[in-house]
Structures are given as C-alpha cells and as structure tokens.
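What follows is a short report on a single structure.
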Amino acid sequence: MDRDQLSFTDIEYGNRRRVSRRERFLATMDATIPWTRWVGLIEAHYYAPRPGKKGRKAKPIETMLRMYLLQVWFSLSDEGVEEAIYDSYAMRRFMGLDFAVEQVPDATTLLHFRHLLEKHTLGEKLFEAQNQIFTEQGWIMRGGSIVDATIIAAPSSTKNATGERDPEMHQTKKGNQWYFGMKAHIGSDAGTGYVHSVTATAANVHDLDEATNLVRADDEFVYCDAGYQGAEKRPEVVTDEHLSRIQWRVAARKGVLKTMTEHDRAIESRKASVRAKVEHPFLIVKRDFGFTKTRYRGIGKNLNHLHMLFASANWLMRARAVTLAG
C-alpha cells in the first residue's frame, strides 16, 4: 500500500472529529524515524532470495521493522501485535497495509525477524545510527554526561518450560525491598538529555561497575547520584589518562546535605537540576512504552530491546522538542 494513497477507510476515518492519542503518536514517529537509514543497516543481514527456491516471499524489511517497533512501543507479544494491527486503524495505517491486497505478517514471521535483530546486535547498530544522526545535525551538546541506572524486574516464577528462573538475572536489595531482575544503565548528554550509551547487567551489579562504560571519549565532567560515590577513586578511573581527568560531579548523600552551608546546598541543587534530565528517557521507556518487566530470557536479548527503546525515546524527545520550539 502506498502510504500517500488514501483508501475508503482512510477517507471515512478522516471525517472524525477527534484523532486518538495513539494515532498522533504513530504519526509523529512515522515522520521522525529515518526509515531509509535503518532499513539499510538491516538489509545486509536480511534474507536474500535464492534462485529457484520455492516458498513464501520474504516480507519487505520496512514492513517488518514497523511491526517490530509497534511491539516495542506498546509492549506486546508476537501474537499480540499481530492482533492489535488487525484491530487498530492507527496501527494499520502506520504499517501501510491495505487488507484488500495483503495481510499482516504473522507472529512467527515477526519472531524470526526479532531473532535476526538479536543475532546480529542490530538494535545496538540502529541506536548508534540514531546517535550519529543527532551528532551530524548538531542536536547533541558534547563535553558532559549524566549516568544512571534503573532496575527492571524479571519473572521470578519457575512455572515455565525450563522449570527455573532466568539464570542471568539476580537479586538485589534497594532500600528495604528485594528485587529480582536486571539493571539498565544509561549515559545521557548533559546538555540535552538524549541517551548516548546503554548497557545491561544483572541487578546485583553495582552501578559504579558500569559507570566508565557509559562515558564518551570527549566528556570532561560526569553527573551522577549519590550511589556513585567514590567513582573518581576507582582503579579503572585512576589509571586511565582520560577518565582520571574527568570531573565526577557526584551528589552528596542526604545526611551530608543537612550539614552543608547554604552556598554548598545551592551547588547541590544546580547539580540535581542537571541530573534530572536523565530521568526523562527512563520515564518514557517505563511509562510511555510500558517496559517495567523483562520480556525475554537473557541479558543479550533484553539489551537489544533496550537499545530500541532508548533510540525510540530519543526520537520521541526530539520530536517533542521541535513541536515546542515551533
């Protein structure tokens, strides 16, 4: 279906008095994402037709990428996203499907596409391509980063095919509560809040252990919360020429704040206002995209998912910034 060609259904829906929030969101993402560039990165790994081979023709890459992104954005299973596209005009329009000509790719086709992305770590490559575009367009302010981490719960039940919990996930205690799952670690640009680095570990890995993996080569300072106390004294920081020169602007612990002068508290307040930018992409991923629990077993598969989530969060933040500026 040509996305610029209107069907009778499109004309009928076009007469509505109100456009749904989902439809506005999908229209925004459709206009924002660099489809040609992302499709080009996947193309080298996609299924090439073989002469004389019989069977179903492979679905276009962009069609499968759009279906996969719907799964990511709406936190749906393979079967769930297939059904949702049949039920939702907004999703069908986003996919560019005309049911008189073609049907929605089935859940198994999407499963194979997702496995292809995971096998070739294409989520990371698409995320890197998004970062490159942001740099090319001058949308990134270099020199400083904010690092943070959040716990993503994993199913703790053993009522599954293997009869055991995911061996790559672990327990950790935060406050007075225990959590089982993994951690998503991110580095965000201190000027804009756009995410430039993503890693994933088991939940019991300390935030400090991943801090240096989130820093850019040209960063001169790094903002982080009180959980990163002592970052500047870590062996991997002290012995590295670049990392040892970075200013680690770590938040003071709450108990220390009470003993500070008014001037020092004002400095802590300014540091906190910068650190707050890192909460925005986490908010989008957890609230808007519904990623509050791991969807797959293993750190690798969930890291691929995280790369797509944060790349999408960056595009959404960019689109919203352009709308506000306009």
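From the P(r) of the range 156-290, can you give the percent of Cα pairs sitting at distances over 20 Å?
Working: 5147 of 9045 pairs.
Result: 57 percent of Cα pairs exceed 20 Å.
Kindly give Rg over Rh for the range 274-326, based on alpha-carbon atoms, with the Kirkwood expression for the hydrodynamic radius.
On the way: Rg = 12.7 Å, Rh = 12.1 Å.
That ratio equals 1.05.
Using θ = phi - 60° and the Karplus form 6.51 cos²θ - 1.76 cosθ + 1.60, what ³J(HN,Hα) does each residue of the range 121-132 get, whole Hz, x for Gly and Pro?
Once rounded to whole Hz, the list reads 6, 6, x, 5, 5, 5, 5, 5, 5, 4, 4, 5.
Anyone know which of M182, M29, M260 comes out most mobile in the 10 Å Cα GNM of the chain?
The residue with the greatest mean-square fluctuation here is M260.
How far is it, in nm, from the label point at Q132 to the one at R21 when both lie 7 Å from their Cα along the line to the Cβ?
Between Q132 and R21, the label points sit 3.6 nm apart.
So for the pair E164, E102, with labels modelled 7 Å out along Cα→Cβ, what separation do we get in nm?
Once both label points are built, they end up 4.2 nm from each other.
I need the phi-derived Karplus couplings for the range 253-266: 6.51 cos²θ - 1.76 cosθ + 1.60, θ = phi - 60°, integer Hz, Gly and Pro marked x.
Values, residue by residue: 5, 4, x, 6, 4, 5, 9, 7, 6, 4, 4, 5, 5, 5 Hz.
Please list, in order along the range 99-116, the HN-Hα scalar couplings obtained from phi with the Karplus expression 6.51 cos²θ - 1.76 cosθ + 1.60 (θ = phi - 60°), rounded to whole Hz, x for Gly and Pro.
After applying 6.51 cos²θ - 1.76 cosθ + 1.60, I find 5, 6, 10, 9, 10, 5, x, 6, 4, 5, 5, 5, 4, 5, 5, 5, 5, 4 Hz.
Divide by every residue of the chain the summed helix terms, -39500 (n - 2.57) for each DSSP H run of at least 4, and state the resulting mean residue ellipticity at 222 nm, rounded to the nearest 500 deg cm²/dmol. Mind showing how you got there, number by number?
On the way: 14 runs with 146 residues, N = 326.
Counting only the DSSP helices, I get -13500 deg cm²/dmol.
Give the value in nm², to one decimal: projected area of the alpha carbon convex hull of the chain, averaged over all directions. If you can, show how the numbers build up before the last one.
Details: hull surface 88.3 nm².
For the chain, averaging the hull's shadow over all directions gives 22.1 nm².
What size of dipole, in debye to the nearest 20, comes out for the chain about its Cα centre when the only charges are +1 on Lys and Arg C-beta atoms and -1 on Asp and Glu C-beta atoms? Numbers along the way, then the final one.
On the way: 47 positive and 41 negative charges, 131 e Å.
Computed about the Cα centre, the dipole is about 620 debye.
Evaluate the distance, in nm, between pseudo-label points positioned 7 Å from the Cα of A58 and of E43 along their respective Cα→Cβ axes.
Label-label distance for A58 and E43, simple model: 1.2 nm.
For a quick check: with amide H placed at 1.01 Å from N, whose amide H comes under 5 Å from A202's, ignoring anything fewer than 5 positions away on the same chain?
So A202 has HN proximity to K183.
Picking from H185, G175, N213, whose Cα lies most toward the positive end of the charge dipole for the range 151-216 (charges on Cβ: Lys, Arg +1; Asp, Glu -1)?
G175
Too long at a 30 Å Cα-Cα cut-off: which of K59/K119; K233/K301; K173/K271? Can you show the working numbers first?
Numbers: K59/K119 19 Å; K233/K301 33 Å; K173/K271 26 Å.
Violating the 30 Å Cα-Cα cut-off are K233/K301.
Straight-line reach from K174: which lysines have a Cα under 18 Å away, not including same-chain ones fewer than 8 places off?
By straight Cα distance, K174 reaches K183, K254, K293.
Between the range 278-326 and the range 131-174, what is the C-alpha centre distance in whole Å?
If you average the Cα positions of each part, the centres end up 10 Å apart.
No value in this document is a laboratory result; all are computed from the given coordinates. If you're wondering where the values come from, they're calculated on a predicted model, not measured in any experiment. In this analysis, Cβ positions are derived from the backbone assuming ideal geometry, glycine residues included, and neighbour counts consider all displayed protein chains.
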